[in-house]
Amino acid sequence: MKDAITIMKSEHRSISAVLQGLKELARMAQGAKARPGFQALRSMVRYIDEYPEKLHHPKEDEYLFKRLVARAPEARLLVEELQAEHEEGARLIRELERALLFFEEDWPGGGREFQEAVDKYAEFHWKHMRKEEQQLLPLAQSHLTPEDWKAADAAFAANADPIAGMQERDFQKLFTRIANIAPAPVGLGEPWKTA
Ligand SMILES: [Fe+2]
Ligand SMILES: [Fe+2]
């Protein structure tokens with residue numbers, strides 16, 4: 001079984017890959033001469049909305065944050081910051097969805113606002129993930145007990161849980177679909193006309 005840290009980092013990599021792709025597409029969409037494929041943008045926004053919210057953050061909150069505060073009260077401030085960022089992320093993603101809706105309805109207007117919302121969210125989430133990897137994980141490694149890790153490893157692997165297992169599969173499908181419909185060079189889809 002893969003351990004919680006490996007899985008957490010690999011989930012961060014999946015989120016980063018989609019964020020990087022979305023940043024690139026938001027930039028390309030502004031210069032597009034034909035109407036951009038909004039389906040790809042919508043799928044990517046949905047992924048970065050739902051994957052952290054439904055699969056990733058609940059495991060961090062329950063199995064890393066709460067237990068770390070119980071074992072090492074000095075980590076409380078950092079954990080509170082990270083929890084607040086989970087809430088802030090949910091708010092920023094609503095802004096991003098709104099910007100995408102306006103862009104889709106007002107195209108070719110609204111592209112710059114959408115790109116700004118994407119950049120803001122990506123910057124925010126990268127900082128958050130870096131803070132978790134660079135500050136939270138070392139503390140967790142020094143303070144969590146073997147029993148804590150056993151529970152965290154099982155929760156992050158989640159394959160024993162049919163509901164979470166299904167969610168993970170759903171996200172893999174969505175990830176594959178994004179790769180298939182996103183235009184080259186981000187994905188395998190037809191490139192958008194930019195000239
Ligand atoms: Fe997080
Ligand atoms: Fe995270």
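Screening Glu132 with (1) acidic (Asp, Glu); (2) open to solvent by 20 Å² or more (accessible area, probe 1.4 Å); (3) closer than 23 Å to Val18 by Cβ gives one miss only, at (2).
Mind checking which residues of the range 46-61 are within 9 Å of the chain's Cα centre (by Cα) and within 10 Å of ligand 1 (Cβ to nearest atom)?
First, pick out the residues of the range 46-61 that are within 9 Å of the chain's Cα centre (by Cα): 47-53, 56.
Those that are within 9 Å of the chain's Cα centre (by Cα) and within 10 Å of ligand 1 (Cβ to nearest atom): Pro52, His56.
When each of Gln115, Gln20, Gln39 is tested for being buried (at least 16 other Cβ atoms within 10 Å of the Cβ) and among the polar types (S, T, N, Q), the lone residue that passes is Gln115. Report yes if Arg35 is within 13 Å of the chain's Cα centre (by Cα) and charged (D, E, K, R), otherwise no. For Arg35, the condition - within 13 Å of the chain's Cα centre (by Cα) and charged (D, E, K, R) - is not met. If you take the residues of the range 46-92 that are away from ligand 2 (no atom under 14 Å from the Cβ) and closer than 19 Å to Arg13 by Cβ, which of them is surrounded by the most Cβ atoms within 10 Å (Cβ to Cβ)? Looking at residues that are away from ligand 2 (no atom under 14 Å from the Cβ) and closer than 19 Å to Arg13 by Cβ, I get Tyr47. Close contacts from the range 129-141, counting a first residue that is touching a residue at least 40 places away in the same chain (Cβ under 8 Å) and a second that is more than 11 Å from ligand 1 (Cβ to nearest atom) and open to solvent by less than 10 Å² (accessible area, probe 1.4 Å), with Cβ to Cβ under 6 Å and a gap of 6+ residues or different chains, come to Leu139/Ala75; Ala140/Leu68. Tell me which of these Lys33 doesn't satisfy, since it passes every other one: (1) within 16 Å of ligand 1 (Cβ to nearest atom); (2) open to solvent by 30 Å² or more (accessible area, probe 1.4 Å). Result: Lys33 fails condition (1) only. Pick from Glu24, Glu62, Glu116, Glu50: which is at pLDDT 95 or above and of a type outside the set (A, V, I, L, M)? That would be Glu116, the only listed residue that is at pLDDT 95 or above and of a type outside the set (A, V, I, L, M).
The values are calculated or read from the model by the stated rules, or taken from the named source; none is laboratory data. This structure is a prediction, so every number in the text was calculated from the model and none was measured. Cβ coordinates were reconstructed from backbone atoms using ideal geometry, including for glycine residues, and neighbour counts include every protein chain displayed. Note: areas computed on protein heavy atoms with side chains; ligands, DNA, RNA excluded. Shrake-Rupley method; radii C 1.70, N 1.55, O 1.52, S 1.80 Å.
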